[in-house]
1. Please specify each residue of the range A:129-152 satisfying the condition of being more than 9 Å from every other protein chain (Cβ to nearest Cβ) and either surrounded by 24 or more Cβ atoms within 10 Å (Cβ to Cβ) or among the charged types (D, E, K, R) (or both).
2. Looking at A:GLN162, A:GLN169, which one is at the interface with chain B (Cβ under 10 Å from one of its Cβ atoms) and without any contact (Cβ under 8 Å) to a residue 24 or more places away in the chain?
3. Considering only the range B:257-290, state which residues are buried (at least 24 other Cβ atoms within 10 Å of the Cβ), out of contact with any Pro (no Cβ under 7 Å at 6 or more places or on another chain), among the hydrophobic types (A, V, I, L, M, F, W, C) and within 7 Å of another protein chain (Cβ to nearest Cβ).
4. Is it fair to say A:THR158 is buried (at least 24 other Cβ atoms within 10 Å of the Cβ) and in contact with a Pro (Cβ under 6 Å, 6 or more places away or on another chain)?
5. Quick one: in the range A:210-233, of everything that is aliphatic (A, V, I, L, M) and assigned to a loop (DSSP other than H, G, I, E, B), which residue is farthest from the other protein chains (Cβ to nearest Cβ)?
6. Scan the range B:321-342 and tell me whether some residue there is assigned to a strand (DSSP E or B), within 14 Å of chain A (Cβ to nearest Cβ) and closer than 30 Å to A:HIS23 by Cβ.
7. Any chance the range A:18-29 includes a residue that's assigned to a loop (DSSP other than H, G, I, E, B) and modelled with pLDDT of 95 or more?
8. Picking from A:GLY31, A:GLY17, A:GLY43, A:GLY90, which residue would you name as being more than 14 Å from chain B (Cβ to nearest Cβ), more than 24 Å from A:GLY133 (Cβ to Cβ), surrounded by fewer than 17 Cβ atoms within 10 Å (Cβ to Cβ) and in contact (Cβ under 8 Å) with a residue 40 or more places away in the chain?
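The values are calculated or read from the model by the stated rules, or taken from the named source; none is laboratory data. The structure displayed is predicted, hence computed values, not measured ones. Here the Cβ positions follow ideal geometry from the backbone for every residue, glycine too, while neighbour counts run over all protein chains shown.
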Amino acid sequence: MSIFVDASTRVVVQGIGSQGTFHAARNRAYGTQVVAGVHPRRGGERWDELEAPIFATVAEAVEATGADTSMVMVPAPFTRDAILEAHRAGVRTIVAITEGVPVQDMTVVYDEVVRRGGTRLIGPNCPGLISPGRANVGIIPGDITMPGNVGLVSRSGTLTYQIMHELAQAGIGISTCVGIGGDPIVGTQFLDVIQAFAADPETEAIAFVGEIGGGEEQRAGEWIRANIPDTPVVGYIAGFEAPAGKQMGHAGAIVREGGPGGESAAEKQELLGAMGIPVASNPSEAARLMIERLGR
Amino acid sequence: MDLVEFQGKQLFARNGVPVPPPGAVCRSVDEAVAAAERLLPDAGAVVVKAQVKVGGRGKAGGVRLARSVDEAREAAGAILGLDIKGHVVHVVLVEPASDIAEEYYLSVMHDRVGKGDLVICSRQGGVDIEEVNRTDPGAVVKRQVLPSERADGLPRGVADEIVAAADLPAEVRDAAAELLVALFGAYLAEDATLVEINPLIRTTDDRVLALDAKVSLDANAAFRHGDHAEWDVEGLEVRDPLEDRARAEGLQYVKLDGEVGVLGNGAGLVMATLDVVAQNGGRAANFLDVGGGASAESMATALSLVLSDPAVRSVFINIFGGITRGEEVARGVLGALERLGDFPQRLVVRLDGTNAEEGRRILAEAAHPSVVPAPTMQEAAALAVRLAEEAA
């Protein structure tokens, strides 16, 4: 099994420009069912690269193709409306890759789509998710990993690839890898993914890759300690060297000066360590800790 | 982007939040004197205030009252050039002094944990609100506002509730609630992540005014606020020239104080690279995310920026080939070197991921004298640190 996506997932793509088409084609080549594209002015045309129909709205795409998942690749100014449209069209899962969405747009989206709507939203500003051998929705390179039993959740893209790759080199595969995104408001939190992993019979161990900023990692840690104390869990928090008050690339990656505390990598490492969750000091060590905990 | 006080007050004023009568923004003692000469006859007194993006101005001597032109001259002379926690004052605001009866606190901010907006109000203002929250938490009213209840702005009823809960005096509750509705409107209309008034004052004639303004704007929303760029002016914050150049070139760059230049693809991977450099006994000179692709052009732009930092003694290029394949990255690095010409620093290049072996082979065959390939992040970091030490 896997979480959030599997071989039966049917994907509609919102944003079928060059980037959207490029990644949709890769997802298709991986074996994902990419069934339609959406473009407000190209409804009725053919999406040649994907040999799929184009619809003017998500609702029409859902109606005609049975799409249950949307991948959002539209530019940031249009992302709020694209996500709201997908939700109102009744898709079950929305994967928003787009970077640079205003935080007030996400406040509105989170409230309607996630808090009140109950739709699974992953991202924005995320690489998407992959369940090796089954489905790849987003921009994660599929060929650096393989099917297995470690669930991986991360706020970062390339850093996740790095850890997935090191695990693969040690012969360790992945059940599902979810990039939750680096923005202050994302639809799916660390804890949501970890709870889904806990309920997934195929996921035996969990690796998570956090960053400076916010306190999601700690909340996840508390839940792990209380609910799945026997599951092997290892973490890595990027940004031990990040100075306070500086945003490190991701909009959410900042240790706020005079903020609530607990936002630095060292504080997160200490807090999680006290909960019995080992947090590595670099990506290679995280992979090594996982390999040790799995006894391989 | 953070605004300084006079900019925050401009933002407040155009959104209907009451502020003191307009003052003058001055960059010299002469300008401040001219402003005082103009304002004093009506105002009786002016306040000269340092315009810097750091808290604690008052304690540092950055805010002074002047009752005469001479006092204004003296105040401006003392404040201009003053170093407040590393921020040198280049600009002062000369503003008519207000008659203060009481000081309160009021703010609206993005609430990361609650994923909504948060209004904070207290009868105790003009002091550090975090400190009040620690010593007397009952005096600080916090009210979360979800989007579903503020589709048309903050409802007046909610504003009334908040100022009553904060126990603002009956005489000013109406005015304060009205001000809060306007402040919330400003927060929404301008895509702010923080609008803070500390102190919010009650004047001796029972009006409420924003005596100070602290505003942070969401850079991601700049596309719908072309006018916000006008507030991005010189002299208001400590700026690193390299960070300015990076911003102009659209690169995610943060200047740090070490000697190993770092560039990589992906914010998380670059953060991890800084960590690994430190764990190997060095210090990174910068954070630089070159983004997804790694063309010769983007690599040359990024590398040229890193190398123009005189503190950089070696460079660690850390690329994980995902969709960008290893051979493309290798050609990107070599292409960048061709464009840049000679420079003294050595580059440690670590390539991993998709087609990394092919990429490494291309680098090995090129045998460029500046390039030192390394197989893993750890080895690359150790090597970059050693090369930086040798170059010192």
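1. Initially, the range A:129-152 is screened for residues more than 9 Å from every other protein chain (Cβ to nearest Cβ), giving A:129-138, A:142, A:145-152.
Once the filter is applied, which keeps residues that are more than 9 Å from every other protein chain (Cβ to nearest Cβ) and either surrounded by 24 or more Cβ atoms within 10 Å (Cβ to Cβ) or among the charged types (D, E, K, R) (or both), the range A:129-152 yields A:LEU129, A:ILE130, A:SER131, A:ARG134, A:ALA135, A:ASN136, A:VAL137, A:GLY138, A:THR145, A:VAL150, A:GLY151, A:LEU152.
2. Numbers: A:GLN162 fails: without any contact (Cβ under 8 Å) to a residue 24 or more places away in the chain.
Checking each option against the conditions leaves just A:GLN169.
3. B:ALA267, B:LEU269, B:VAL270, B:MET271, B:LEU274, B:VAL276, B:ALA284, B:PHE287
4. Values: buried (at least 24 other Cβ atoms within 10 Å of the Cβ): yes; in contact with a Pro (Cβ under 6 Å, 6 or more places away or on another chain): no.
No; evaluated as a whole, the condition is false for this residue.
5. Start the filter on the range A:210-233 by keeping residues that are aliphatic (A, V, I, L, M), which leaves A:212, A:220, A:224, A:226, A:228, A:233.
Now drop any that are not assigned to a loop (DSSP other than H, G, I, E, B), which leaves A:212, A:228.
Details: A:ILE212: 7, A:ILE228: 23 Å.
The qualifying residue farthest from the other protein chains (Cβ to nearest Cβ) is A:ILE228.
6. Residues of the range B:321-342 that are assigned to a strand (DSSP E or B), as a first pass: B:321.
Still in the list and also within 14 Å of chain A (Cβ to nearest Cβ): B:321.
Now restrict to residues that are closer than 30 Å to A:HIS23 by Cβ: B:321.
Checked against the condition, which is being assigned to a strand (DSSP E or B), within 14 Å of chain A (Cβ to nearest Cβ) and closer than 30 Å to A:HIS23 by Cβ, the range B:321-342 yields at least one hit.
7. Start the filter on the range A:18-29 by keeping residues that are assigned to a loop (DSSP other than H, G, I, E, B), which leaves none.
No: zero hits.
8. Details: A:GLY31 fails: more than 24 Å from A:GLY133 (Cβ to Cβ); A:GLY43 fails: in contact (Cβ under 8 Å) with a residue 40 or more places away in the chain; A:GLY90 fails: in contact (Cβ under 8 Å) with a residue 40 or more places away in the chain.
Result: A:GLY17 is the single residue among A:GLY31, A:GLY17, A:GLY43, A:GLY90 that is more than 14 Å from chain B (Cβ to nearest Cβ), more than 24 Å from A:GLY133 (Cβ to Cβ), surrounded by fewer than 17 Cβ atoms within 10 Å (Cβ to Cβ) and in contact (Cβ under 8 Å) with a residue 40 or more places away in the chain.
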